[in-house]
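Note sheet for the following structure.
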Amino acid sequence: MPPPVFRFAPSPNGYLHLGHARSALLNFDLARDRGGRFLLRIEDTDTTRCRPEFAAAITEDLGWLGLTWEEPVRRQSEHFRLYGKSLERLAQEGLLYRSFESRAEIAHLVAEREVEGPWPRDPDGAPLYPGAGASQTAAEQERLIQSGLPFSQRLRMADVMRRIDPLHWTEQGEGPSGETGRVAAHPEAWGDVVLGRKETPASYHLAVVIDDALQGITDVVRGQDLFWATSIHRLLQELLGLPQPVYRHHMLIRDASGAKLSKSAGSKSLRELRAQGVTPAEVRKLAGVEAG
């Protein structure tokens with residue numbers, strides 16, 4: 001039997017913090033303890049927010065923690081053409097449509113609908129798509145494309161759900177409410193998810209399942225904030241004929257207010273901790289990952 005394959009896959013849109021350290025250390029330790037492989041992947045599909053200096057800082061911080069990984073490091077921004085082929089396949093099967101509303105226009109549409117009552121939201125709390133893209137004719141969509149309007153490519157969720165059998169995944173960690181074992185996937189809760197944009201040819205959801213399959217990832221170890229996103233990943237694996245790994249979601253590290261650590265909230269970075277004299281061993285303790 002081939003060895004298990006683990007990966008740590010951060011986005012270079014800021015500096016790593018303790019939450020990232022927990023995930024990276026757990027993946028590294030599990031790979032080592034099970035005689036497996038540990039890969040580093042840079043998930044930089046968002047070319048407007050991801051920056052080379054953050055990518056360089058990721059490898060510097062992980063090296064300081066004592067982690068090693070196989071080379072070469074996969075960078076998603078180098079594989080947009082590959083992801084585009086999967087989008088083309090889904091489009092040819094009639095499973096995608098283009099939506100042309102801006103984020104501001106979508107927010108306005110949601111506000112209009114919420115005058116009559118709450119508008120449905122996905123597991124992350126974002127409103128489901130309320131626009132007209134799914135009902136536009138091919139001619140209407142082509143006219144908007146030729147006008148130069150930016151667009152998103154969305155999955156026709158209702159059509160997809162009629163084509164597939166119920167989906168599950170194997171959870172070796174646990175979800176936010178203690179879900180573990182054989183977990184039922186509910187991709188419909190996410191509505192018509194975006195799989196690509198004109199300026200970003202692949203969404204996180206699409207790129208991650210393709211890369212996990214290509215890299216032979218057997219075990220996905222990541223934070224509970226991505227637990228229910230696994231429903232989308234299982235759906236895309238089914239549609240694209242990709243293997244499914246085993247999942248292990250771990251608890252998040254939270255600040256004093258109970259909020260999860262995040263780059264956008266200015267959570268203290270690993271490089272700040274290092275500048276204050278904190279050692280890699282102390283980072284392990286702060287991250288709640290015992291040394292093996």
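Observations on the model:
- Tensor-based shape of the stretch 65-193 (alpha-carbon gyration tensor, a/c under 1.5 rounded, otherwise prolate or oblate): oblate
- Given the choices (i) 51, 43, 36; (ii) 65, 41, 37; (iii) 60, 43, 37, Cα extents along the principal axes in Å derived from the coordinates of this structure is entry (iii).
- Relative to the dominant Cα principal axis of the chain, helix 18-33 is inclined by about 70°.
- Angle in degrees between helix 52-64 and the longest Cα principal axis of the chain, rounded to the nearest 10: 30 degrees
- Dipole magnitude of the chain, debye to nearest 20 (Cβ charges: Lys/Arg +1, Asp/Glu -1, about Cα centre): 460 debye
- Residues residue 268 and residue 122, FRET efficiency given R0 of 41 Å [Cβ-Cβ distance, rounded to 0.05]: 0.90
- Counting lysine pairs in the chain whose alpha carbons fall under 23 angstrom apart, excluding pairs fewer than 8 residues apart on the same chain, gives 5.
- Its Cα centre serving as origin, the stretch 8-78 has a Cβ charge dipole (Lys and Arg +1, Asp and Glu -1) of approximately 180 debye.
- As a calculated quantity, the FRET efficiency between residue 240 and residue 260 at R0 = 22 Å, using C-beta atoms, amounts to about 0.15.
- In plain terms, the chain from residue 49 to residue 108 could stretch by 18.8 nm, reckoned as 0.36 nm per residue minus the Cα-Cα distance.
- Using the Cβ-Cβ distance between residue 64 and residue 34 with R0 set to 25 Å, the FRET efficiency from 1/(1 + (r/R0)^6) comes to roughly 0.55.
- Distance between the 7 Å Cα→Cβ label points at residue 80 and residue 180: 4.3 nm.
- Positive dipole terminus of the chain, leading residue within 31, 213, 100 (C-beta point charges): 31
- Shape call, the stretch 1-120: gyration tensor on alpha carbons, a/c limit 1.5: prolate
- Of the peptides 222-232, 203-213, 134-144, 277-287, the order by per-residue mean of other Cβ atoms within 10 Å, starting with the highest, comes out as 203-213, 222-232, 277-287, 134-144.
- Rg of the Cα atoms in the stretch 187-279, relative to 2.2 N^0.38 Å, amounts to 1.34.
- Each DSSP beta bridge with both residues in the chain is either parallel or antiparallel, and the antiparallel ones are about 55%.
- With a simple spin-label model that places each label point 7 Å from the Cα along the Cα-to-Cβ direction, the separation between residue 164 and residue 71 comes to 3.8 nm.
Computed from the coordinates by the stated procedures, all read-outs in this text should not be read as laboratory data. Please read these numbers as outputs of a predicted model, since none were measured by experiment. As a convention, Cβ positions derive from the backbone with ideal geometry for all residues, glycine included, and neighbour counts pool all protein chains shown.
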